[in-house]
Amino acid sequence: MSTDVIQPRPPLLEVDEPLEEIEGTSLWQDAWRRLRKNRMAVASAGILLFVVLFCVFGPWFVGYSFEEQNLAYGAQGASGAHWFGTDLHGRDLLVRTMYGGRISLLVGLCATAVSLTIGVSYGAISGYFGGRLDSMMMRIVDILYTIPFMFVVILFLVLFGRSLVMLFVALGAVSWLTMARIVRGQVLSLKQSEFIDAARASGVGHFGIIFRHLVPNALGPIIVYTTLTIPRVMLEEAFLSYLGLGVQPPMASWGLLVSDGANAMTFFPHMLLFPGAVLTLTLFALNFLGDGLRDALDPRMRS
Amino acid sequence: MSELILEVKDLHVHYAVEGAVSKAVDGVSISLPKGKTLAVVGESGSGKSQTMYGILGLVPQPPGKVFGEAALFDGEDLLRVSEKKLRQLRGDRIAMIFQDPMTALNPFLTVERQLTEVLESHKGISRKAARAEALEMLRRVGIPDPERRIDQHPHQFSGGMRQRVMIAMALLCRPALLVADEPTTALDVTIQAQILELLRNLQTELGSSMILITHDLGVVAGNADYVAVMYAGRVVERGTADQIFEAPLHPYTQGLLASVPRLDAAQKEQLVPIPGQPPDPTQLPSGCPFRTRCSKAEDRCAAAYPEVRRLGEGREVACWVA
């Protein structure tokens, strides 16, 4: 038995430069290194981290509670005592923005989790198996689409009682539909690729093909759409709360604060300005981070 | 004749295309003795690859449809085993090398993951042991510095190196049958020679049988023991490589040989192309599908498909005139 195989020729030119750039690493290490080079993404991640800490731990350092009213005081602009000013009931806006952030960030997180787990799996399975199963699964999505979102939410809240948990469930239940369609579309075209044939020819099972081969290749659109989902559900939550179906006063969410602020902006612009600025900052940071992640996770983007 | 590793009898692969039926493979019979190499030769669209896809259960059904008398692999009929069993065979006992190494590797997975995945699917060994085996196989296919290269992504490899990775992937489980689907078509000529030599060496080393799908008769010469020439979904001529090269019987085989440059030919000798195009597989002409391009066609060629004439052990031709 001969073991000699033809050896490729040695490279004509030895490069002195250390080859650190092509040192092998896992996809995640690799992505992390590339993400760190993207200044906008790093700054955005920093801002998001700050906003999260601000919302989670901030209230401990402010000497007011979110429900403490001072009706005589009324709405006041920013001052040394109230950095963000106060609202119409004399409540401290800084601490209300922090509490509102907890709800809004949780809503965003929850919708993202649902749309990433259910939406991605559902779409990938539907697209991969195709045929009758695909038609059936997609018709279900179509049907869910046609049911008005508000109707579903009201139904949920009436059937199961009004609570914050139900709000998350209701928002989660609709947030995965578009994701499922997007992923299905990606998978439909990706499954024609030769590397999928190659994986099948080497006996990889359905599960491995879907979650190791197809889904990672669809990560770009998935991440982009996720960064679009988060602001959308935050606004939907605001809408629900505005109708009295979501978060109830004296609790707050960013959406609620912004809509209150919009009503009062003629006389008290600070009520719109401060919560609005925090919300906008967060959404911008999410978008830039999403873009950065998309580029970092694609191994072909490496220059 | 020695024991057969693969014996395909009357295989059909049909596709439903907008109401019509496209007969990609229309009654193919081939056989391959253990340890030997069979070259399946034909133009693009002649059904070479589809024959293999059909046997391996890689034809999407629907719109595809695979049926036939039998496809015996080591005594087991691949057309009738369960899908699960077929999946266990693929990659383990029958492996495939694809035409284009640029697209046949997943751009998102490191070489290690693509290789260990195959081992995990079939051998159920630990990731660490799988990595060691993958490294060993990369070394065997001639990838320099495999310890570093194994953690890289496919886009960091050149075309020839990627094809070596594909070969390593196919040979990991030491398959009894290796299907190489135009393994050198996407590579330049010097790399082609290297890859073919590598395949030949590894085949002898592992004792595998090989089906070499190609449209390049130059690749067939010197690499194959047997040749099956396909046209419009059928095998038109079968024989040993020597018989096909020295005494081709079917006008199509003769035409293919006349259109290949030869080193031993006189300088001024012109290459003779085969006129026309292969027929649309949804609208095959009556009788012999090659008759529209055949210089020797007679009236009876249009009447019926020529009977397959057996001229000896493994020597067959399907032509009225030859």
- Task: Taking the dipole about the Cα centre of region A:35-166, with the C-beta of Lys and Arg at +1 and of Asp and Glu at -1, give me whichever of A:Leu48, A:Tyr73, A:Ser163 is farthest to the positive side.
- Result: A:Leu48
- Counting other Cβ atoms within 10 Å, which trypsin sites (Lys or Arg not before Pro) in region A:178-267 have at most 13 and lie in a DSSP loop? none
- Roughly how big is region A:188-291's charge dipole about its Cα centre, with Cβ charges of +1 (Lys, Arg) and -1 (Asp, Glu), in debye to the nearest 20? 240
- Hey, can you rank B:130-139, A:96-105, A:154-163 by average C-beta count inside 10 Å, highest first? A:96-105, B:130-139, A:154-163
- Message: Which residue, B:Ser82, B:Thr184, B:Val317, has the largest displacement toward the positive end of the dipole of chain B when charges sit on each Cβ (Lys, Arg +1; Asp, Glu -1)?
- Response: B:Ser82
- Quarter of the surface of the C-alpha convex hull for region B:33-159, i.e. direction-averaged projected area in nm², equals 9.9
- Item | chain B - Rg over Rh from alpha carbon coordinates, Kirkwood radius | 0.98
- Task: Would you please put B:146-158, A:116-128 in order of how densely packed they are, using the mean number of other Cβ atoms within 10 angstrom per residue and starting with the highest?
- Result: A:116-128, B:146-158
- Query: Which semi-axis lengths, in whole Å and largest first, follow from the square roots of five times the eigenvalues of the Cα gyration tensor of region A:186-252?
  - Reply: 42, 11, 8
- At q = 0.09 Å⁻¹, base-10 log of I(q)/I(0) for chain A (Debye sum, equal scatterers on each alpha carbon): -0.60
- Note on the structure: Quick calc, region B:157-277, dipole around Cα centre from Cβ unit charges on Lys, Arg (+) and Asp, Glu (-), nearest 20 debye, gives 240
- Highest mean packing first, using Cβ neighbours within 10 angstrom, the peptides A:280-292, A:134-146 sort as A:280-292, A:134-146
- Task: Take the alpha carbon atoms of region B:25-64, find their center, do the same for region B:175-216, and report the distance between the two centers in whole angstrom.
- Result: 16
- What does the average come to when, for each residue of peptide B:97-106, you count the partner chain Cβ atoms lying within 10 Å of its Cβ? 5
- Output the antiparallel fraction of DSSP beta bridges having both residues in the protein assembly as shown, as a percent to the nearest 5. 65
- Task: Rounded to the nearest Å, what's the spacing between the alpha carbon centres of region A:192-235 and region B:88-151? Just the number, please.
- Result: 21
- Rounded, prolate or oblate: which fits region B:133-172 when a ≥ b ≥ c are the square roots of the eigenvalues of the alpha-carbon gyration tensor, with rounded for a/c under 1.5 and prolate only if a/b beats b/c? oblate
- Query: Regarding the protein assembly as shown, what whole-number volume in Å³ per residue does the convex hull of its Cα atoms give?
  - Reply: 214
- Per residue of A:185-198, how many C-beta atoms from partner chains lie within 10 Å of its own C-beta, taken as a mean? 4
- Message: Residue by residue through B:160-166, how many Cβ atoms from other chains fall within 10 Å of the Cβ on average?
- Response: 1
- Extreme residue, positive dipole direction of chain B, given options B:Leu119, B:Ala221, B:Ala241 (C-beta unit charges): B:Leu119
- Task: Specify, per residue and in Å³, the volume enclosed by the convex hull of the alpha carbon atoms belonging to region A:82-170.
- Result: 126
- Gaussian network model of chain A, Cα springs within a sub-10 Å range: biggest mean-square fluctuation belongs to which of A:His82, A:His206, A:His270? A:His206
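A short reminder: the numbers here are calculations on the coordinates, not readings from a lab. Because the structure is predicted, anything quoted here is derived from the model rather than measured. Ideal geometry is used to build each Cβ from the backbone, glycine not excepted, and the neighbour counts take in all protein chains shown.
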